[in-house]
Each structure stands twice: as C-alpha cells, then as structure tokens.
Amino acid sequence: MTSFPVENSGLGAAADRPYHETYRQAEHFRTQADEFDAVKLGVWLFLATEILLFSGLFVFYGIMRMLHPEAFIHGSSLLDWRWGLLNTLVLLYSSYTVASAVRCAQVGDQKGLQRNILITFVMGLLFLVIKFVFEYAPKYAEGKLPGFWYSYPNWESPYEPLWWGMYWGATGVHASHVIIGMGLFVWLYIRARKLHFGPKHYNAVEGVGLYWHIVDVVWIFLFPMLYLIH
Amino acid sequence: MASISGTNVGAHGHDHAHHDEPYLTPKSSLWATIIDWATTIDHKKIGVMYLVAVLFMFFLGGVAALAVRVELLEPTRTVTTTVNGETTVQITGSVMHSVGMATDMASAGDWYNKIFTLHGLIMVFLVIVPSIPASLGNFLMPLMLGAKDVAFPKLNLASWYIYLFGSFFAIASAVVGGVDTGWTFYTPYSTITDAGHWKVVFMILAAFILGFSSILTGLNFIVTVHKLRAPGMGWFDMPLFVWGMYGTSLIQVLATPVIGITLLLLIFERLFHIGIFDPRMGGDPVLFQHFFWFYSHPVVYVMILPGMAIMSELIAVFCRKKVFGYRAVAFSSLAIAAIAFVVWGHHLFTSQGEVAAAVFSALTFLVALPSAVKVFNWVATLYKGSIDLKTPMWYALGFLFLFSIGGLTGLFLGALSVDLHLHDTYFVVAHFHYVMMGGTIIAFIGGIHMWWPKMFGKMYNEFWGQTGFWLVFIGFNLTFFPQFIMGVHGMPRRYASYVDEFLIYHQLSTVGSWVLLLGFLVHFFNFVHSLAAGPKAPPNPWGALTLEWTDAASPPITHNFHHEPVVTHGPYDYDDVVPAQTKPGEFPLPPKAEGRTVHVVKAGH
Ligand code: HEM
Ligand SMILES: [Cu+2]
C-alpha cells in the first residue's frame, strides 16, 4: 500500500489561525521535508547563477584594469571611499537584520519577523538613496559618465571613459539587484502579515535572505575593487 | 491499494475526480479550455505548448533557410556591359533583387545577411536550445521518475511565458527590419551596425531573456531529479534520458549567466557606449568572442546532450536490450558537461595567441572522447539486439550515421593547423549542421515519433513515418555534404556571391533543401492525420520498460499515475522482464512489491 502522506492537507485557509494551519504542502511532493529540501536546492542553484553572473562582471573588470591600470587608478581616486564605506555598513547591517528575520521565523516570533523585514527594506532604500543622491547625481553633473557620454575635463588617462563605463555598469547591475530585493521584501512583508511563516515553513524568508546576502557579498567585492585599490 | 486521488478526496476539500481524466480532456467550453491551458501548471500541457511553439519557430527558421538556399542557387553578381560607349549595370542571380526587395548590389547583400542571421538566431535560441528539454523533457521527466509534476510547477509556467516574451522581442526585431550581425553578435560590428536603431538591441534582449527561460527550466529539472524520484529508484535506476537531461540542466544553469552578463554589457555598449568592446576607447572586441564562446560552446552540448538522451531510449526500446555500459553512458553525460567549459578557445584559433591556441586544440580533442563513448555504446547495444525497424529506430540509426560525421569533422576543426585553413568556410557550416541538425533535430524527430502515442494517445502511420525519414535523411545529406567539399576548396561562409567552381555544390545543396522540406511536410501531414483519424494508442505500444509506458495511460491522466509507481526493475531489464503488448487501459506490471524484486511477466503473444 502506497500513498502520499496527507499530514499537512485538509485544513481550510483561515488567516486568523497560527501559520501552520494555513500552510498546505504542494501535492506533488511526497513529504514536507522533500518540499523543504527542494526549495532550498532550487534557491542555492539560483544563487549559483547570480554568483556566475557577477563573476563574469569581475572578470571583465580585471581584464580592463589589466589593460589600462593608470585609467583605473586615477578614476578610482575620484570616488569618495567614505560614501562607499557607509553603504557597505548599511548593507552589512541589513544582512544582520535579514538573518534575524529568518531566525524570528524559525522560532515563530511574528512581530520580530515583520520588524526585521521592514528594517531590511529600509536599509535597501537607504543604500539606494546614498548611491543616487551622493554618488550618481554629482558624477552625472560633472560629466563623469560612461564612455561616449564622458565630458569631465580633468582626466589623466585617455581611457578614463572606460573606467566610468565599468563603474556605472557594475554598480548599475548591482543596484538593480538591490531594487529586486526590495520588491521581494515587500512580498515577504505582506505574507508575514498574513502569518504565512513559522518554525516549519520559513523557506521563502530564508530564500530571500540568502539572495540578499549574495547582493551584499557582491557589494563587499565591488567596494574595494572600485573605491580602495589604488 | 489506495490511489493517490482516493486519499486526497475530501482531505483537500475539493473534488479530485477530474484528475483521473486524460490530461487532454477539454473543459466545458472553448474559452474555459483556453484559459485552462494558458494558466496550467501541468508539466504535460506545458511540454505540449512548448512543442507546438518550437515546431512553429522551426518552421519560421526553415523558411529563412530555404530563402538563403534559393538565393545561393546562383551567385549574386554585378554585371557591367559597355555597348557603343554606353555602360549598363545589371545585377544577376539575386532573388532578393528580382522580387524587388533590393535596389542594388549592396542592398541585395544586406538582405542576404539579415536572412541568414535571422535563420541562425531563430534556430539556435528559439528552436534547438529549448527544443528537447522544454518539450519532451517537460513532458517526460516527471513521468519517467514516477512523479506527479516537476519540482516547481509555477516556475515552469513562468519559464514558458518568459520564452514567449523573449520570442516576442526576436520577432519584433525581425519585423521592424531585422539585424545583420550573424547569430554570434561579434563586436565591434554588432555595436555599430544600424546605429541609433533599436533592432539590434531587441535581438540581443531576446537572447538575454530566453537565457532566463533556459536557466529556470534547468534549475527545475535538477531539483526534480534530486527530490522526486519514485520510491525504489536510485540514481542508477533512472532512464538514461533523465541522465542526459540532468547534464543538460547543469550546463544551462552554469553557462547561461555568463552570456547573460555579456549580452547585458553588449546592450550597455550599444546604448551608452561604455567602451569595453570598442578599441577606440581602449576596449577589446575579441573579449566579446571569449565570453560569447565561454557560453556558446557549452551550449552546443545543451543542444546535443538531449539528443543523446533520446538516443539511449530509442536504441534500448527498439533493440529490446539493456543499453551497453549504462554507467559509462551516464557518466559521459557529466564528463561532456564538465569538459565543455574548457574548450571555448577553439572558436578563436585565428584571433588568439599561439600557446593558447595549442592548449585549446588539445583540450578540444578531449571533448570528443565522451561523445565517442556514447556512440560506441549505442552501436554495441545494437549487437544481438532484436531490432525493430520502426520510424524512431530509423531515426536512431540516422543519428549514429550523421552525428559520427559531425563529430569527426569537429576533430578536423579542432586540429589547429587544419582549422586555420577551414575556419569561416562552409566546412564549419557543414560540421555544425551535421551535429545540430543531423544530431539534435534528427533525435528530436525520432523522439517525437516514439512518444507521440504517449503524448496524444494516437498512433501515427508507420509507412508515412518511414517515408518521411528517408526524405529527410537523403535531403539532409544532399544539402550539407557538398558543403564540406566547398569548404575544403575555400568557399567562405556568409557570402551571397561565389566563383563558378562552386556552382554545382551550391545547386546540389539547394535541391537538397527542397527534399528536406518535402520530408518535413510528409511528417507534418502524418501527425495531423494521426491526431484527426489515427488509431487509438495502447499504453505501451512499443513494449518499453520505463514508467511512462508501464504505469501511465496514453495519454496520461492529469495526475500522471493512478497509483504511485514503485520501481521494481531497471529501465532496460529486457532480459528479465517482458512487458506484454497491452490493450488500452491495461497495465502489465502493476507495482506490487517494495524493493527491487524482478517480475517476470509473460509476453501477451
Ligand atoms: C565532437 C566534438 C566536437 C568538436 C571536436 C568540435 C569542434 C569544433 C571546432 C574546432 C569549431 C570551430 C571551427 C571554426 O570556426 O573554425 C566548431 C564549430 C562549431 N561547432 Fe563543433 N565540435 C564538436 C561538436 C559539436 C556539437 C555537438 C555541436 C552542436 C550540437 C557543435 C556545434 C558547432 C557550431 C554551432 C560551430 C560554429 C559556430 C559558428 O562559428 O557559427 N559542435 N566545432
Ligand atoms: Cu565549440
């Protein structure tokens, strides 16, 4: 006699009940543990693709730097490392809060979960504000723009437009990941408000959390590469 | 024996009876049926939708190919004649010109460039890459593993819509005028051609978006294999089709992100002129080639591994024999997946340093080994098998023949000194058509024939199936074999014009393309006829041993199986297990015991 376990099914959805009664396992998995592992594996595979995507970017950076070290050194000296550092701290703190969110879900602390998701979202927003207001805007005004659009007069190497191309390209791709992450936090927050998460069901929180860590780690690499190495 | 649906009725609070119906059963109204298909998360329906889309794209790409061949029937020339001091300039041999599309030699050439580019882009990104995994793979993987669906059904639907979205950009780009970059988008040409226009960006964007679809399908399959195998099915009890898909998925997931970032930077380069590929700004155009091939070489194995996956099933089923060296075949899939990542440099022999070229040449020879392992194993499987020459088996034999030619000519190209002569000639064109079309597409058509009864519950006509095979096989060789000869004699690829020595080869090739067309039309009408009036298919018309045949109806029910299958025999244990040829609704091997007891079932006739 074989049949699928039905331990998690059969309960009507009721938002006012604790999370585990509203949670229904997807039918095609044999056990809840299988589902859990499957989601985890899926998330890790997806993160592998993200890492590969940014690795490609880093290789581009490395090769360009090798070709034109003087342009990259001078270009990098025009960046203000203090804004970069501040943003690094903002993201590090958000990594902590998102990890706390996962922890809260695991122990069933719904209030803490919601609070931490919210803080992480705000940190993402803060990162973008710093980036756009204090970094992108002044550079745009001074003409430190990628390639063809470059019009900054005080250059030292003719290849500096290339450096700015790399800078805008790399930080732009990263910023778009931050924006996507913030979208995911909105989604998590709505679900958390509906009490979708709890000790046995925190896959989504953990998945988004891992994604956010990757976004942070990428920045941890970008920060020295762009701001610090001279 | 409690059925899956039996347990769930009531438990979920809604009626599951409809899940016992064949998955193709239409809903109450046409509109409801359309909505049902558009929002379905059933892997079978998604697979069928992909099949239809891919075949449609194959048709579009095929029309472009026929146009290219017709243009090459005669060389495009500008003929200048001076009579009585009066000079007249005439264009000859250009179809594009004679139908009024082109006004002069240059625009005739432009049209030619756009059409072969369109052909290449459609065939690579919209047809071959998604073809087998997304259609047959989606349909069969869960069935072969004894699962109800892929691991993430909604994600599966998402990748289908992403595919449509990407195709939309590709078609839009073609409709507003088309691009002439070649399917490889080589810089610096691709960053400066058609400056100020969106066409090229649209096309690159299409490839970028299609990449996501590909990644998500691959990711889904990997998790499915890990987490949804039926009780009793270990890794080495999986059908080899699943192993092939697993290798394919790994490459899709690992290689596609790199092309993603490369295409993104290419778009930036076009839109913002960031300069990485532009030598005037200190960038390096050859860097694009490296990144492009770092993806696109592995991706040729995304194209061929699924073909090989189908091959193992075709050969085993129609020889009624265990595949010779199961583990060797399984591991060679992984070996191919691994080596595929270190040979990209063989596409750049003419544009890289000597040492690098020598190293890449050596590595390229390595990649032929696992492919050869597979070919030898299939041939060894034929030995003393009881071969049943049905259409799918003919296709399997066709694959062996054509893929061997394609693979061996790959070694010619991989040999550094030879490649300096053959690079960018028709020899390369013939090589990759022998592997991509003679390999992947041939296996795909064979696979469609084999699983047709399972997918649609109808048998196709064997006579017309085999007639189609012979037309395709002969047409294919007639089209592409002359291209090897032309290539060796120096006919460069991507030109609408040529010297007279090549006339006969080009004309043979063009005639061959018409024979191919005829073959495909025969298949097409055979399939349409089967859907309309074909005899009903039994669950296991070929007497195969994998779960989709032994445990599922033709066509399968929405939930795939009435009982969760328990695996009691290997996928190719034809020596021990003889499944009877069954009538509709009968199953010869009901899952009885746990573990791996072998059931010996008497043949039904
Ligand atoms: C058996 C192992 C193989 C070897 C050793 C091999 C080797 C090569 C080499 C050296 C080239 C570059 C030729 C040149 O541009 O001068 C090449 C081109 C190509 N190969 Fe293969 N190949 C193999 C299998 C395959 C397979 C299985 C596929 C696809 C299913 C494939 C698809 C292609 C394509 C599409 C090109 C040309 C792309 C272009 O320039 O447009 N090859 N091959
Ligand atoms: Cu290659």
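The values are calculated or read from the model by the stated rules, or taken from the named source; none is laboratory data. What you are looking at is a predicted structure, and each value in this text was computed from that prediction instead of being measured. Don't worry about glycine lacking a Cβ; one is built from the backbone with ideal geometry, like all the others, and counts go over all protein chains shown.
The residue list B:Leu263, B:Leu287 contains one member that is assigned to a helix (DSSP H, G or I), surrounded by fewer than 24 Cβ atoms within 10 Å (Cβ to Cβ) and at the interface with chain A (Cβ under 8 Å from one of its Cβ atoms), which is B:Leu287. Name the single residue that is farthest from B:Val175 (Cα to Cα) among those in segment B:76-95 being within 33 Å of the chain's Cα centre (by Cα) and in contact (Cβ under 8 Å) with a residue 60 or more places away in the chain. For segment B:76-95, the residue satisfying everything is B:Thr76.
Residue check: B:Pro298 meets all listed conditions (1) under 29 Å from B:Val127 (Cβ atoms); (2) touching a residue at least 60 places away in the same chain (Cβ under 8 Å); (3) in a helix (DSSP H, G or I) but one, namely (2). Within segment B:263-296, how many residues turn out to be within 16 Å of ligand 2 (Cβ to nearest atom), of a type outside the set (A, V, I, L, M, F, W, C) and in contact with a Gly (Cβ under 9 Å, 6 or more places away or on another chain)? Number satisfying all stated conditions: 2.
Among the residues of segment B:240-258, those that are facing chain A (nearest Cβ under 9 Å) and more than 15 Å from A:Leu41 (Cα to Cα) comprise B:Ala255, B:Thr256, B:Pro257, B:Val258. Taken over segment B:209-225, the residue count meeting the criterion of being free of Cβ contacts under 8 Å to residues at least 60 places away in the same chain and within 11 Å of chain A (Cβ to nearest Cβ) is 4. Note on segment B:278-299: residues that are within 31 Å of the chain's Cα centre (by Cα) and not aliphatic (A, V, I, L, M) amount to 12.
Have a look at A:Val186, A:Val217 and point out the one that is under 16 Å from A:Thr88 (Cα atoms), within 24 Å of the chain's Cα centre (by Cα) and assigned to a helix (DSSP H, G or I).
Details: A:Val186 fails: under 16 Å from A:Thr88 (Cα atoms).
That would be A:Val217, the only listed residue that is under 16 Å from A:Thr88 (Cα atoms), within 24 Å of the chain's Cα centre (by Cα) and assigned to a helix (DSSP H, G or I).
When you go through B:Ser386, B:Ser371 one by one, which is the residue that is within 16 Å of ligand 2 (Cβ to nearest atom) and farther than 30 Å from B:Ser497 by Cα?
Values: B:Ser386 fails: within 16 Å of ligand 2 (Cβ to nearest atom).
Of the residues listed, the single one that is within 16 Å of ligand 2 (Cβ to nearest atom) and farther than 30 Å from B:Ser497 by Cα is B:Ser371.
When A:Gly12 is tested against the conditions (1) surrounded by 14 or more Cβ atoms within 10 Å (Cβ to Cβ); (2) modelled with pLDDT under 90; (3) at the interface with chain B (Cβ under 8 Å from one of its Cβ atoms), the lone failure is (1).
Residue-by-condition table, conditions (1) at negative phi; (2) away from ligand 2 (no atom under 16 Å from the Cβ); (3) within 14 Å of another protein chain (Cβ to nearest Cβ); (4) in contact with a His (Cβ under 6 Å, 6 or more places away or on another chain):
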residue	(1), (2), (3), (4)
B:His431	yes, no, no, no
B:Tyr434	yes, no, no, no
B:Gly439	yes, no, no, no
B:Ala443	yes, yes, no, no
B:Gly447	yes, yes, no, no
B:Met455	yes, yes, no, no
B:Gly468	yes, yes, no, yes
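Taken residue by residue, segment B:532-553 has no member that is on the phi > 0 side of the Ramachandran plot and within 14 Å of another protein chain (Cβ to nearest Cβ). Taking the condition of a type in the set (Gly, Ala, Ser), away from every other protein chain (no Cβ under 14 Å), closer than 30 Å to A:Tyr61 by Cβ and within 16 Å of ligand 1 (Cβ to nearest atom), does B:Ala358 pass? Yes. Considering segment B:554-571, the residues that are surrounded by fewer than 24 Cβ atoms within 10 Å (Cβ to Cβ) and over 23 Å from A:Phe29 (Cβ atoms) include one that is nearest to the other protein chains (Cβ to nearest Cβ), namely B:His569. Counting only helices (runs of 4 or more DSSP H) that sit completely within segment A:31-115, those holding 3 or more residues that are aromatic (Phe, Trp, Tyr) correspond to A:32-67, A:81-107.
Count of segment A:111-138 residues, restricted to those that are surrounded by 15 or more Cβ atoms within 10 Å (Cβ to Cβ) and farther than 24 Å from A:Ile180 by Cα, is 0.
Selection over segment B:334-346 of residues that are more than 13 Å from ligand 1 (Cβ to nearest atom) and more than 14 Å from every other protein chain (Cβ to nearest Cβ) gives a count of 2. The set of residues in segment B:317-351 that are away from ligand 2 (no atom under 15 Å from the Cβ), in a helix (DSSP H, G or I), of a type in the set (A, V, I, L, M) and surrounded by 20 or more Cβ atoms within 10 Å (Cβ to Cβ) comprises B:Val317, B:Val329, B:Ala330. Residues considered: B:Thr181, B:Thr191, B:Thr187. Of these, the only one that is touching a residue at least 60 places away in the same chain (Cβ under 8 Å) and touching a Lys or Arg at 6+ places or on another chain (Cβ under 6 Å) is B:Thr191. Checked against the criterion of being at negative phi and at pLDDT below 90, the candidates A:Leu126, A:Leu118, A:Leu145 yield just one match: A:Leu145. Scanning segment B:478-501 for residues that are buried (at least 20 other Cβ atoms within 10 Å of the Cβ) and part of a helix (DSSP H, G or I) turns up B:Thr479, B:Phe480, B:Pro482, B:Gln483, B:Phe484, B:Met486, B:Gly487.
Scoring B:Trp235 on the criteria (1) over 14 Å from B:Leu547 (Cα atoms); (2) within 11 Å of another protein chain (Cβ to nearest Cβ) leaves a single failure, condition (2).
A quick yes/no check of all residues on (1) hydroxyl-bearing (Ser, Thr, Tyr); (2) within 14 Å of another protein chain (Cβ to nearest Cβ); (3) touching a strand residue (DSSP E or B) at 6+ places or on another chain (Cβ under 8 Å):
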| site | (1), (2), (3) |
| --- | --- |
| A:Val107 | no, no, no |
| A:Lys111 | no, no, no |
| A:Gln114 | no, no, no |
| A:Lys131 | no, no, no |
| A:Tyr136 | yes, yes, no |
| A:Trp155 | no, yes, no |
| A:Tyr159 | yes, yes, no |
| A:Trp168 | no, yes, no |
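Residues in segment B:361-380 that are surrounded by 15 or more Cβ atoms within 10 Å (Cβ to Cβ), more than 9 Å from ligand 1 (Cβ to nearest atom) and among the β-branched types (Val, Ile, Thr): 2 in all. The residue list A:Ala175, A:Ala141 contains one member that is under 27 Å from the mean Cα position of the chain (by Cα) and not in a loop (DSSP other than H, G, I, E, B), which is A:Ala175. Annotation note: Cβ proximity below 9 Å between a residue of segment A:61-74 that is without any contact (Cβ under 8 Å) to a residue 40 or more places away in the chain and within 10 Å of another protein chain (Cβ to nearest Cβ) and a residue that is surrounded by 13 or more Cβ atoms within 10 Å (Cβ to Cβ) and among the β-branched types (Val, Ile, Thr) (sequence gap 6+ or interchain) occurs for A:Ile63/B:Ile276.
Does segment B:266-279 hold any residues that are over 17 Å from B:Val200 (Cβ atoms) and within 10 Å of chain A (Cβ to nearest Cβ), and which are they?
Start the filter on segment B:266-279 by keeping residues that are over 17 Å from B:Val200 (Cβ atoms), which leaves B:275, B:279.
Within segment B:266-279, B:Gly275 is the sole residue that qualifies.
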